Amino acid sequence: MLIVEDNPLIGEKILNASKRVLPFKNIRLTPTLHEAISYLKETDVDIVTLDLSLPRWQWN
């Protein structure tokens, strides 16, 4: 499972709740789309939760 959330407090709450109720061994929290995409290129995940109000990602 991958959690993409730029607010650290909300991200930690989602992470902790997910660890309590979901059977996934690997749950990762990333604060940016850039980190999320890099992680997804290297790892297969079953679920992604995405903050829809993330700051716009610059394609440099």
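The values are calculated or read from the model by the stated rules, or taken from the named source; none is laboratory data. Since the model is a prediction, treat every value here as computed from it, not as a measurement. Methodologically, a virtual Cβ is constructed for each residue, glycine included, from the backbone with ideal geometry; neighbour enumeration extends over all protein chains shown. The protein model used for the area step is the full one, side chains on, heavy atoms only, and it has no ligands, DNA or RNA in it. Shrake-Rupley method; radii C 1.70, N 1.55, O 1.52, S 1.80 Å.
Things worth noting here:
- Residues GLU35, GLU5 ordered from highest to lowest accessible area at a 1.4 Å probe: GLU35, GLU5.
- Ranking of ASP44, ASP51 by solvent-accessible surface, largest first: ASP44, ASP51 (1.4 Å probe, protein heavy atoms only, all chains present).
- Placing +1 on the Cβ of every Lys and Arg and -1 on the Cβ of every Asp and Glu, with nothing else charged, gives the chain a dipole about its Cα centre of roughly 160 debye.
- Farthest positive-ward along the chain dipole, Cα basis, beta-carbon charges - from VAL4, VAL21, LEU33: VAL21
- Counting heavy atoms of the protein chains alone, ILE3 has an accessible area of about 0 Å² for a 1.4 Å probe.
- Accessible-area composition of the chain, carbon plus sulfur, in percent [1.4 Å probe]: 54
- Mean separation of Cα pairs under 8 Å and 6 or more residues apart, divided by the residue count, gives the chain a relative contact order of 49 percent.
- Partner aspartates and glutamates for LYS13 [C-alpha distance under 19 Å; skip if fewer than 8 residues away on the same chain]: GLU5, ASP51
- Environment charge of GLY11, counting only residues whose C-beta is closer than 14 Å and scoring Lys/Arg +1, Asp/Glu -1: -2
- Accessible area per residue for the chain is 79 Å², calculated with a 1.4 Å probe on protein heavy atoms, without ligands, DNA or RNA.
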